[in-house]
Structure formats: C-alpha cells, structure tokens
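The values are calculated or read from the model by the stated rules, or taken from the named source; none is laboratory data. Predicted model, so just to flag it, every value in this text is computed and none were measured. Don't worry about glycine lacking a Cβ; one is built from the backbone with ideal geometry, like all the others, and counts go over all protein chains shown. These accessible areas exclude ligands, DNA and RNA; they are computed on the full protein's heavy atoms, side chains included. Shrake-Rupley method; radii C 1.70, N 1.55, O 1.52, S 1.80 Å.
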Amino acid sequence: MATVAQDVSFELKLDQLARVAIEVGLGLAKGQELVMTAPLDAVPLARRITEQAYRAGASLVTTFYADDETALMRYRFAPDEAFDKAAGWLYDGMGAAFKSGAARLAITGASPLLLSNEDPDKVGRANRAVSMAYRPALELITRHEINWTIVASATPAWAKTMFPDDAPEVALRKLWDAIFFTSRVDRDDPVAAWKEHDAGLLRRAAKMNEKRYAALQYRGPGTDFRLGLADDHLWMGGGTTAGNGLYCIPNMPTEEIFTTPHKDRADGTVTASKPLSHQGTLIEGIRVRFEAGRIVEAHATRGLEVLEKLISTDDGARRLGEVALVPHSSPIAASGLLYYNTLFDENAASHIALGQAYTSCLKNGDKLSKEELAAKGANDSLIHVDWMIGSGELDIDGITATGVAEPVMRGGEWVA
Ligand code: ZN
Ligand code: ZN
C-alpha cells in the first residue's frame, strides 16, 4: 500500500469515498433524484453520500436501509408460505423512480454469511421471489438505461467474517483500509486516479473488440473449458454512457473487462478458484461441466444444495450470461483477501456469471427484442451470479473465427 497518505484521516477518506461515488461512480446530474439502498451499519457512509449528492445538485435523496438482524427474524418466526413473497410494491416504486429519471446507488456491506445456517429451500424461494419482483426495475439497470453504481461500506459483521481472529475494531479498520485502497480514495487525487484507471480499462476492452474472437479457451487446475462469445459481442470495462446520457462507472472498485458469451457454446469443465458467497451462504469447491452451453454436472464441497437450487431457478440459470477477464495482479487480488462479497471478489479474478446477460455487451443490444437477443446467443434468466475462475495458474487463448488460437492471458496476466 505504497500510495497511502498517512496523514489523511479516516473521516477525510470517508468523505473522499462519498465524493468519488457521486462524481465518478454515479456521475449524478444537477436536479437528478437519487435512490439509495444501504445496510443499517453503513449509515455513516450513507450520510456522507447524501451530503455529496445534495452538494452536486441532487433534488431528492431517498434511502432504504436493510438490517441483518431483522432479516433473520423472518427465518425464525415467519410461516413457511411467507418465503414466496417479496415487496413488489417497493420494487415497482423503484422502477417508477428510475423511469422518471432517478439514479441508483447501492451500498454493499451486509453480513456475507448471514443466511448460511438457514434452510436453503427458504433462502432459495425468498431470493427467487425478490428476483421476480425486482426484474422490471433491474432491467433498466442491466440495460444501462440509467446511471447507477455500487460502493462498499465496512460493517462489523462483514469485517468479522473476513478477519475472525481480530478484535472487532481492528477488523473493522482493516476492512475500511482495504476498501479505501481498492476504491483508490487513499490517493492524492482520487478523481484523477479513477479517470486514469477508467481509461486503461477502456483501452483493454477496445483491444479485445478489435480481435473479435469467436471463443475463449481456458486451461488451468481443474479447468479445461471452451466458451463461445455471442455474435456481435462487445467487450466493456470501466465507465459507460447510460441511456439517459450520463457517464457512470457502475462498480467501485472495478478491474474487469467483460462481455456476453454465447448461451449455447460452453463446453468442458470449470473449477472455481474462490468460494462463492451468495446471498448469505457460502458455496465452496465448485466444479461444473458444460455441454452445449448448459451445466450438465455440478459439484461443490460445501453448499451444493444452494448451488443446485440456484441453477434450477430457470433454464437460463444453467447457462452463462457474462465472461470477464481480470489480471491476477489487480489491487484486489494483490490484497490477498477473500472478501465474501461479489463486488470485490469478482474484481480479484477472471470470472464467469450464470444467468442474465448484459444486453449492453452486444452491438445495439439495448434495441433488440428478446428473440433477437436470444438468436445472437445472449442468455435470459432471473439470476446473475458471478463466480471466480481466475488464478495465477490460468491460461486463456482467444480463438479466432478461423480457429486460430492466440494467447490472451498466461499465468493469469495479460500477454500484451
Ligand atoms: Zn463481472
Ligand atoms: Zn457479473
């Protein structure tokens, strides 16, 4: 952490994180409304972000808080039939806000293992109910019709999961330091650091777009896998101009370039390189085999039941909707930590995602009908779950349209 300015106080860094989230992550426009969601333990950051939003000209900031303990009470005391229910009215309202011009900011930081001891059937049903209720609003986000971003706040429960042997205040401080470091807010000029990083990701994506590979071939421990890319796929990375004309960087941190794979063209075996923390449960030792795009065999050393439930959500849940490349030397990977949080762990390693494809990763994708998208190979599902397959031992080749293999990554690093 050579760039940490020792004299910069915690409070200042928290302010910087809020400022970067509003100015660079969200690109909030003057007069724009903001809808924010946050864990209750993230109130200090939510307040800073609210202040920065109003200073940037926000017309109204509305925040919905979620509390881990309250969420658990449902599993303790609610009747069984309750788990198919979701607050549809809330998601409809969020969708209405987005349609009328609101930006979306999510603060992540809930306890990663909150639901790990709960009945997987109830967890699965509750997740499915939320996915269905949230889908219309979420589509505005996956289609990049509005400016949106996700930032992280350290919370005591998350810190305890990551640093179980430390005293609570030490663990919390360590997690904050990791967030500040990976979110580049401990630099002298965080906004400039982000602009430079963003430009680098855009350049890398442009290079892959020039190549127009038909497929990627992965080789590594437990992995021998070929993944076709969707017709007219576009590699993306860093920021994007949303449909409302505002430039946003949807994830902070972000280290990935990503595109849409072909839903019918995945073959071979892939082994996860990190555990998958999914909605409060941990799935470890994932190994799956694909045939013609579909998972035909799934293994896990822990949490297999949750994985099975997940891939049974709908037909698209067994197929891939995203492929992303992240060098093994990314700052998040370099921190050597497992975050149990997708925002961080997916940016520490190359990954693939089960489920819904990002239509913005196809030429004119946002203007295509469901049938046209499917014809190009874009997957459709209620879920979108990233899992990590990259490591310092992963080799990736790009396969050209004529079947020639070119090295893209060796030992987890970009070749050129
Ligand atoms: Zn990704
Ligand atoms: Zn993803």
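In order along the range 324-330, the Karplus-derived 3J(HN,Hα) couplings, from 6.51 cos²θ - 1.76 cosθ + 1.60 at θ = phi - 60°, round to 9, 10, 9, x, 5, 8, 4 Hz, and Gly and Pro are given as x.
Annotation: amide H-H contacts under 5 Å for I283 (H modelled 1.01 Å from N, sequence separation of 5 or more, or interchain): L276, S277, H278.
Quick one, what does Rg over Rh come out to for the chain if you take C-alpha atoms and the Kirkwood Rh? Spell out each step's value before the answer.
Working: Rg = 20.4 Å, Rh = 21.7 Å.
With Rg and the Kirkwood Rh in hand, the quotient comes to 0.94.
Here the range 8-182 carries DSSP beta bridges of which approximately 0% are antiparallel, counting only pairs with both residues inside. Of all DSSP-defined beta bridges confined to the chain, some 75% are antiparallel rather than parallel.
A simple rule links phi to the HN-Hα coupling: the Karplus curve 6.51 cos²θ - 1.76 cosθ + 1.60 with θ = phi - 60°, which for the range 369-382 gives 6, 3, 5, 5, 5, 4, 5, 7, x, 6, 7, 10, 6, 6 Hz, with x for Gly and Pro.
Taking K and R as +1 and D and E as -1, what net charge do the other residues with C-beta under 12 Å from the C-beta of L382 add up to? Please report the intermediate quantities before stating the final value.
On the way: positive: R128, R135; negative: E139, D314, D315, D380.
Spelling it out: positives minus negatives among the neighbours equals -2.
Under the membrane-span-like helix rule (DSSP H runs whose alpha carbons stretch at least 30 Å along the helix axis, mean Kyte-Doolittle hydropathy -1.0 or higher), the chain yields 190-211. Charge tally around G200: other residues with Cβ under 13 Å, Lys/Arg +1 each, Asp/Glu -1 each, net +1.
Secondary-structure-derived ellipticity at 222 nm for the chain, considering helices only, amounts to -10000 deg cm²/dmol, per-run term -39500 (n - 2.57) for DSSP H runs with n ≥ 4.
Close amide H pairs (under 5 Å, H built 1.01 Å from N) link T108 with V151, A152, S153, residues at least 5 positions away or on another chain. Would you mind getting the accessible area per residue of the range 140-184, heavy atoms of the protein chains only, 1.4 Å probe, in Å²? Here the per-residue accessible area is 36 Å².
Against the compact-protein benchmark of 2.2 N^0.38 Å, the Cα-based radius of gyration of the range 61-130 scales to 1.27. Rg and Dmax of the range 8-182, based on Cα coordinates, read 17.2, 51 Å.
Relative to 2.2 N^0.38 Å, what does the C-alpha radius of gyration of the range 163-251 come to as a ratio? Two decimals please. Present the calculation step by step, with values, prior to reporting the outcome.
On the way: Rg = 18.7 Å, N = 89, 2.2 N^0.38 = 12.1 Å.
For the range 163-251, the normalised Cα radius of gyration comes out at 1.54.
Over the range 1-107, accessible surface divided per residue gives 52 Å², non-protein components excluded, 1.4 Å probe. Protein heavy-atom surface of the chain, 1.4 angstrom probe: 53% of the accessible area is carbon and sulfur, with nucleic acids and ligands not counted.
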